[in-house]
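FYI, it's all coordinate maths here, none of it is from the lab. All of these numbers come straight from a predicted model, not from anything done at the bench. Cβ atoms come from the backbone with ideal geometry, glycine included; neighbour counts cover every protein chain shown.
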Amino acid sequence: MPLNPQLDTLSDYPFEALRTLLNPITPRVNDTPILMSVGEPQHQPPVLLTETLAKHASEWNRYPPMAGTPELRQAIVDWLTRRYNLPAGALNADANIMTLAGTKEGLYLFSSLVVPREKAGQRPVVLVPNPYYLVYNGAATMAGADAVFLDATRDNDFMPDLAAIPRETLERTALFYLCSPANPQGAIATLDYLKQAIRLAREYDFVLAVDECYAEIYDKAPPAGALQACAEIGEGFDRVVVFHSLSKRSSAAGLRSGFVAGDRKLIGHYSHLRSYGGCQVPLPIQAAATALWCDEVHVEENRARYRRKFDIAESTIAGRYGFYRPDGGFFLWLDVGNGEEAAVRLWRDAAIRVLPGGYTARAAEGRPNPGSKYIRLAIVHDEATLEEAFARIRRVL
Ligand SMILES: Cc1ncc(COP(=O)(O)O)c(C=O)c1O
């Protein structure tokens, strides 16, 4: 049976590799397993969510509008305007916003929109930070582009070095997926960095898609956003979109609710494409999402809880494994020398599952895999579980 041959080149699903590594091993200890490999929020979602879903329970029978209800899109405009200090009227709910069934599907389908058959007479390029969220590579590959991996290491503050991208690569680039706060390193792109990326997109005629799904989980200062950078440059949102999600902000990964916002031409074309291949969000979910984007109380509580978790991490493992407190997101990115070996030891001797950093990054163009020395830990559990986890990690590593 003929299949799309591009699929065969996708073999970087990190959790498959993790199962292959750890499933044959039975922990030697009787401790309760602690799974720190998956970035799944463990806080209960806010009551506002369940109450609003219940109030709209009679609406499951109706087909929802693909772009989102007017109320949801307006709530998103208001939130973006407040959060990023955008000029009043800069965003229009009909033109600049499209709701998504979680950002994963939206990020994936987006490459089908903006990757042409050829760019500058050659196979197009999609720029992907390295380490990366696997969907960026999947989207690039299935759209027929060459994914070009930009290493984001300690040497460049864990953000790709924009000045180092060769001109020939930029000329072939159709799309750049940037992630800030970055999964897994927690680094935040500064406003200047975002402006530089936007200027490159405009100069070389490609689309900048900034994945800001961790934007509300931060330690000290709220991360800058790409729409904010556009507003400061003052030339509209040309060639720029941002992706946001309620999965982390509202601990609602199961709600499957996010949005894309930005360049009105792109949103218009995306709307056309999504009427063929997009996923509508049920009306009760859209109502819940509207309520959640209008509320900051639960978000502040959520953020405070993550800060306490990082306090625990800092007080127990600072000074070891290259520990640093990330500016955003909820992962620890620890330099343990050999991530795979550490993951095996932690599972075998402490019943803790972590992700070897090399599984979420790759060796590209002869350079070593920038994640292979690291492990990624999702700091999502309750405080007692985290205390226990760090005590075990110190015992074993
Ligand atoms: C960097 C990044 N982007 C996007 C997503 C997708 O989130 P969702 O589809 O739940 O909105 C995730 C989920 O883990 C992620 O880590």
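Here are the numbers:
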| quantity | calculated |
| --- | --- |
| Most positive-pole-ward Cα, Y218, T99, H272, against dipole of segment 58-295 from beta carbon charges | H272 |
| Relative packing of 335-343, 230-238, which averages over residues the other C-beta atoms within 10 Å, highest first | 335-343, 230-238 |
| Distance histogram in 20 Å bins (all Cα pairs of the chain, percent per bin) | 28, 58, 14, 0 |
| 28 Å Cα cut-off, lysine pairs counted over segment 58-295 (separation 8 or more, or different chains) | 11 |
| Sorted peptide list for 202-212, 78-88, 152-162, 257-267, criterion being average Cβ within 10 angstrom, highest first | 257-267, 202-212, 152-162, 78-88 |
| Distant alpha-carbon pairs in segment 58-295 (separation over 22 angstrom), percent | 49 percent |
| For segment 323-378: relative contact order, % (alpha-carbon pairs under 8 angstrom, 6 or more apart) | 41 percent |
| Diffusion coefficient, µm² s⁻¹, Stokes-Einstein with Kirkwood Rh over alpha-carbon pairs of segment 14-57 at 37 °C and 0.692 mPa s | 232 µm²/s |
| Cβ-derived FRET efficiency at R0 30 Å, Q196 paired with L10, nearest 0.05 | 0.45 |
| Computed helical MRE - 222 nm, the chain, DSSP H runs ≥ 4 contributing -39500 (n - 2.57), nearest 500 | -12000 deg cm²/dmol |
| Label-point separation in nm, R367 to A391, each point 7 Å along Cα→Cβ | 4.1 nm |
| Relative contact order, percent, the chain [alpha-carbon distance under 8 Å, six or more residues apart] | 25 percent |
| DSSP-defined antiparallel bridges as percent of all bridges, the chain, nearest 5 | 45 percent |
| Where only alpha carbons of segment 246-397 are counted, the Rg and the Dmax (Å) | 19.6, 55 |
| Within segment 58-295, percent of DSSP bridges classed antiparallel, to nearest 5 | 35 percent |
